[in-house]
Amino acid sequence: MNLSALSPDFIGGFVGFILTVLVLSYLFGDNAMFRFTSHLFIGVAAGFVAVVVFYNVILNQLVFPTIQNPGSTNAILPAFFLGLWLFITKVSPRLSRFGNPLMGYLVGAAAATAIGGAVFGTVFPQVGASGGLFDTQAAGQENQNLIYWLVRGVLILIGTITTLAFFHFGTRPRPDQLARPPAWIEGLGKAGQIFIMITFGVLFAGVYSAALTALIERLNTLFILLGPYLLPQ
Amino acid sequence: MADIRCPMCGKNNPAGTEVCKYCQARIKPLVVNPLDGDGGSGQPGKSSQPNNTPDHESSLPDWLRDLRQRDDEPAPDPTEKMPEWMQDEPQVPGFSSDGDAPDWLSRIRKQEDAPEESEAESDFSAPEKDDSQDFLAAEEKPGQDLPDWLSQLGSSEPESKPEAAWDQPDEEPAPAPAEEGDQPDWLQRIRSRQKEETPPDAFLFSSEDEEPSAQAAEATEAGETPDWLSSFQTPEPAPAEKADSLPDWLNQQAGPSPFSEPVNEGEEEVPDWLSPKAESGPFSQPVSESEEGVPDWLSKFGGQEAGAAAFAAPEETDETKPAFGEEENLPDWLTRLDSSATEGPRSGSVPALILDEEDLSETPEPDKSSIETPDLSSVPDWLSQVPADEAASGAAAGDSEAGLAPAELPSWLEAMRPVESAAPLVGSPEDTSGPAEKAGPLAGLRGVLPAEPEFVNLRKPQVYSIKLQVSEAQQAHIALLDSLLETEAAAKPVQGKPALMSQQLLRLGIAVVLILAVLTALFLNQQQLPLPANPPPEVQNVSTLINSLAENAPVLVAFDYEPGLSGELDATSSAVIQHLTARNAYLTLVSTSPNGPLLAERLITHILPQQGLTVTNYTNLGFISGGPTGLLALAENPKKVLPYSLNGVMVWEGLPLSGVQSVADFAMVMVITENPETARAWIEQVQPFLQEKNTPMVMVVSAQAEPMVRPYYETSPRQISGMVAGLPGAAAYEKVTGRTGITRHYWDAYGAGILVAVVIILAGSLINFVLAGFAHPKPAEAEGTL
Amino acid sequence: MRATSTAIAVVTGALILLGYVITTGPLYDLRVILVQWAVILAAFALLVGVFNLLGVHWSKIKNRQPGSFYSLVLIISLFATAGLVGFFGPTHPVSQWIFNYIQVPIESSLLALLAVVLIFAGVRLTRRRLNSLSVIFIVSALLVMISSVPIFGAGEIPGLGPLRDFIVNILAVAGARGILLGVALGIIATGLRILMGSDRPYTG
């Protein structure tokens, strides 16, 4: 074997091949090699996370700006000290409760961000879109048949409403009977189940498509690595 | 003054307090113990419970009724000397320890005053009272003209057994002796003789008895001694003999209850007037005595029903029976007592005592059904000193004699019987109301408050079992639970299973088929499958938008996918990146995932060069932490969030990013992600900022995220301008752009994989349908979600 | 301490939420600063997660629990990666080599396994639960799959394309829109509970 051919890519490819085989061994059941590989993967990923965070946040947002432009980081400098306090208190179980205010700050900011995005980014546009399903002008812009456009709108509207009805879990108390939602909501919910199943079927196809592509990529890599050595020239 | 300690609760009370202020018990008992010398006002044998109800009064004989109505005579001097045997004995109820003359003596005294002839014909009770009063009145005055027989009593030996004539139930103690000054002389003489000679036996009259005995002795000394009093003159036998000769109720007072012992010996020891063979006795031979000058009242004793409460026939005393055997000489009441004794001994052998007048008046009306608990405060000291065990033994002895029929006493006599004598017979509820008091003035009584505080009774605490009391039903449940737990904990025998199960075989077969199909397609690389002929509109829009980009336009590209889906998204995004590179767009790479910058570097430096594409017009700004919050910060001020590139280069100062102040200043925003949530976050947080400048946002998503991202495309106005989804989308994009890339290489293998999956799933479902059709029909299942 | 945390969460959330309405002025500037602080604190929270992972597996090794060998592998790989990447930098070829030939292959292989598992699950679905909804699910999945790529030797089957468009662009969109609206409403309800102090996930 020509050692010069042992390029980093080749070695890397060989390592990747070994790791791929080890992971695919799970087809035969759980084994030590699969566990070894999965733990190796978690360690490498955690190491990358720690380094990227250090580089991108601490160095790029604090150290480098402070060095190059000392006054530019005054506004965010307290956040770094708060971050250090958060790190120290949450790493130690005894001091954990002292980091709760900062966790509250994070949770409050995330909640507000999520609320704003849900309201302005999903609810309003999606409801507006449901109302605009019967916009005949849009049909012309889409070069669609008007009947097709109206039928499409009706189906989407019915599907949206029935799907929302399926996720309605409120019940009305009834004497001497089990608590159940109103009958008309139950009927809409059953229709919504059909739309949901169709959606899940499409999702299933998409997940398989992604997994198949990953399998193809892995097999292609193995083929590229070993092909020259296994296939006749 | 020193505080007085309450005998009941044990708490200190101020001196002079009669009633305890804590428990309301009498500190100073009503019963006067002659030994204490406190001059108690209590009458021996006196019951605190008044017994003066009309019904009870009507049933009493007249003489007894008179006795009850008589005023309390001064209590005898408690310091008066009594024989020792009298001092320790509880006083017989009905007889005062203070020396009050017995009722019958009082009556004798009175009757002495009255003409004897007029009283001789009268009822026994009335003349008895008068006679007794007369008699006593005569006796109380030593200087008076006493009958000779009484005066002879003083010279004779005090008969040690006048009590023998008084057949009392065993456990009934003798009352406290009355004061000497109040007792007839003959009685006093009797008592004095007894004190001098022997340890006194239980004598009906305690100190009081001494005086009658002394008086009797004096009487005999003074004059002709009646036969019935002649017994007083006989020398007193030895104490032991005397003890044996005492009636049972007197014998109970000292050690072996004298009352329980039959008077076996000593007919000669029994006072003549008490002995059954005695020719004379105070009640047995009234005629002879009358012949001798005995007062008429004494002669009437034999024919009268007597207040035999004080002189009840002993149970098993044969000698005592003959004491009343001469019926013609015995008073009727004594005769009846004798008959009742012959009928059978009463259980308990409790002597029935004649209560004093005051006692009778205070005793409550007897309850036929039960005997009331006597007034504990009025129990004479000699009575309270009787050990409880003696009382119990007396009761036991009485119980042992259950074979003997109890004597039938008249109701009025029964009522006057002390509670101790009657309680065992009647079996009152109070008998079982609690343990008998063992100490103090209330010894022998039941249902009383403890004299001592409970905490004084230092005794070993009761041992309680700490073992859990488990019933049988609970034990059965426990056994069942144990058996269930044992089955859970017990290692189930591992059945030998084959190396490969059917499920594993199926899975292996599917993997083998799929891998073979893909490898074959990759190996053949014939690219037989054509690319999609009609690209979807969302894909065409992306192409259109990129085509409309200006030269060196900054394009924000977000690599927000995981390395696991790098195979699909590298193939999908490479087509778009190639198009962007071809348009010489300035790629600004960001990511909200820590792996994103690395994936971006991998695509740019590793994947695209393999396709012959070199990308240099880009900058990798790195990682944005915080998720949606970071996106919001990026949208508001990207320079603040990412001031430097991943390499530490300040890229915002030079072109083309120098003109970018907000995210809307980018020519286009492209998000590459496999997660619908990440796509939604970009749309919700960043897209609103793009609207001000109509900056398009396009999505390069995985096939698994397409259904959840499409609704954002189907809005009006569209939130995302274009979308390339999965390998089919990439193939369509390559179809649109006319470029070949990784997708083309994967397309045949992808088709093979899809075909294998469809075939296997379809075949398996058909087989399951057929098998389900041949299987046992099941009830209709409720429809549910997957 | 609990009240302080709640107050901070409520005030911060309120200020950031107001920024969606008030887009100018000092309030908006304050919101920008608060958001930047949140970004930095989130980065430190990530570091806390990494250290927590270290602590869990270190305790596993120290207590010699079953699987401690794998924990040792994890800790060694973590420190090795962090040391090399931190020393050379994330964009250095060494860092890229580690990422390209260790992390990517493993993750890709794990996803590749999913393809086999999904086919196997599709076969068992009709065996375990055979009802109308499962049939609808399988039929829609197969139609989308078969219509996404031409068939060998047959090419694209006529009618499958429009059918796929009908399923994906109309029926699936309807269901997905309803799911998105439901998710958004749930996010709003949960966020409001946090901003009102009813939920306190940051305590304890």
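The values are calculated or read from the model by the stated rules, or taken from the named source; none is laboratory data. Computed from a prediction, not measured in an experiment: that's the story for all the values here. Here Cβ is always computed from backbone atoms with ideal geometry, including for glycine, and neighbour counts include all displayed protein chains. With ligands, DNA and RNA removed, areas are computed over all heavy atoms of the protein, side chains included. Shrake-Rupley method; radii C 1.70, N 1.55, O 1.52, S 1.80 Å.
Data for the structure
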read-out: Averaged over A:167-178, number of beta-carbon atoms from partner chains that fall within 10 Å; value: 1
read-out: Sequence-distant residues sharing a close amide H with B:V19 (under 5 Å, placed H); value: B:I27
read-out: Label-point separation, C:V56 to C:F87 (7 Å along Cα→Cβ), nm; value: 2.9 nm
read-out: Where labels lie 7 Å past Cα in the beta-carbon direction, separation of C:R128 and A:L77 in nm; value: 5.9 nm
read-out: Computed lengthening from B:K438 to B:N584, 0.36 nm per intervening residue step minus Cα-Cα distance; value: 40.7 nm
read-out: Average partner coverage of B:611-622, which counts Cβ from other chains inside 10 Å; value: 1
read-out: Carbon plus sulfur fraction of accessible area for region B:519-624, probe 1.4 Å, in percent; value: 48 percent
read-out: Residues with amide H under 5 Å from that of B:L445, placed H, sequence gap 5 or more; value: B:E437
read-out: Stretchable slack from B:T487 to B:Y464, in nm (0.36 nm times residue separation minus alpha-carbon distance); value: 4.7 nm
read-out: Amide H contacts under 5 Å for B:N620, placed H, 5+ residues apart; value: B:L589, B:L646
read-out: By average C-beta atoms within 10 angstrom, highest first, the peptides A:62-68, C:4-10; value: C:4-10, A:62-68
read-out: Nearest-10 value in Å² for the accessible area of A:H39, using the 1.4 Å probe; value: 40 Å²
read-out: Qualifying trypsin sites (Lys or Arg not before Pro) in region C:1-98, DSSP loop, other Cβ atoms within 10 Å at most 13; value: C:R64
read-out: Peptide B:515-523 - average C-beta neighbours from other chains (10 Å radius); value: 4
read-out: Mean Cα-pair separation over length for chain C, i.e. relative contact order, pairs under 8 Å, 6 or more apart, %; value: 24 percent
read-out: DSSP-loop trypsin sites (Lys or Arg not before Pro) across region A:77-157, with at most 15 other Cβ within 10 angstrom; value: A:R94
read-out: From phi via Karplus (6.51, -1.76, 1.60), per-residue ³J(HN,Hα) for region B:14-23 in Hz, x at Gly/Pro; value: x, 5, x, 7, 8, 10, 5, 7, 9, 10
read-out: In region B:637-677, GluC sites (Glu not before Pro) in a DSSP loop with at most 10 other beta-carbon atoms within 10 Å; value: B:E653
read-out: Note, ³J(HN,Hα) from phi for region C:26-38, Karplus 6.51, -1.76, 1.60, rounded to Hz, x at Gly and Pro; value: x, 4, 5, 5, 4, 4, 4, 5, 4, 5, 5, 4, 5
read-out: Rounded to whole Hz, the Karplus (6.51, -1.76, 1.60) HN-Hα couplings of region B:610-622, x for glycine and proline; value: 5, 9, x, 10, 10, 10, 10, 8, 8, 9, 9, 7, x
read-out: Gain in span if fully extended, B:Q610 to B:R5, counting 0.36 nm per residue against the direct Cα distance; value: 206.5 nm
read-out: Anisotropy class of region A:1-145 from Cα gyration tensor, a/c 1.5 cut; value: oblate
read-out: Computed Rg/Rh of region A:25-92, alpha carbon atoms with Kirkwood Rh; value: 1.28
